[in-house]
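One structure is given below, encoded as structure tokens.
The values are calculated or read from the model by the stated rules, or taken from the named source; none is laboratory data. If you're wondering where the values come from, they're calculated on a predicted model, not measured in any experiment. Here the Cβ positions follow ideal geometry from the backbone for every residue, glycine too, while neighbour counts run over all protein chains shown. What goes into the accessible areas is simple: the full protein's heavy atoms, side chains included, and nothing from ligands, DNA or RNA. Shrake-Rupley method; radii C 1.70, N 1.55, O 1.52, S 1.80 Å.
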Amino acid sequence: MLLAAPSYGAMDVEIPLNWEAPTENVDGTPLTDLAGYNIYYGFGSNNYTQSMAGISASSTNQNLNVPGVESGSSIYIAMTAYDFDGNESTFSNQVIAGPFSEVDALAPGAPMIQMGAPVIINCPAGQACQVGTQ
């Protein structure tokens, strides 16, 4: 008889993100009109199927909340900056969060094992037995 591994369903994941704000335009001139950021994410490399738009230009961190993440999945994330004219940068470097795995929250916590001093309970006759240490 085969027993199936328990399935817990999808989980909700919160991923803290931090970044450095851009200081220049692509042409090297100073960036003076940064309006905000967009975060793009998905479950495949460079395959962003979802986004979080309109993050404040004064922010350099954001929590990304992703519902319905299946066990074993990774989330691929990139972001862009945009200016007041609607010009959007290219994607940032991609970061990967995961893979995420579920645990049975109702299972008991793991025991804590400790080891006492070993004792020899049987030493063959004529042998010099001692406990070795490492």
Considering the range 98-134 alone, what residues qualify as being of a type in the set (S, T, N, Q) and either within 30 Å of SER71 (Cα to Cα) or open to solvent by less than 100 Å² (accessible area, probe 1.4 Å) (or both)? SER101
Those residues that are under 14 Å from PHE100 (Cα atoms) and not in a loop (DSSP other than H, G, I, E, B), I need them from the range 56-75; list them, please. ASN65, VAL66, PRO67, GLY68, VAL69, ILE75
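Yes or no, residue by residue, for (1) modelled with pLDDT of 95 or more; (2) of a type outside the set (S, T, N, Q):
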residue	(1), (2)
ALA57	yes, yes
ASP85	yes, yes
SER89	yes, no
VAL95	yes, yes
PHE100	no, yes
MET112	no, yes
ALA125	no, yes
Matching residues in the range 82-129 - criterion: being assigned to a loop (DSSP other than H, G, I, E, B) and among the β-branched types (Val, Ile, Thr): THR90, VAL103, ILE113, VAL119, ILE120, ILE121
Filtering the range 82-113 down to residues that are over 29 Å from SER58 (Cβ atoms) and of a type in the set (Asp, Glu) yields GLU102, ASP104
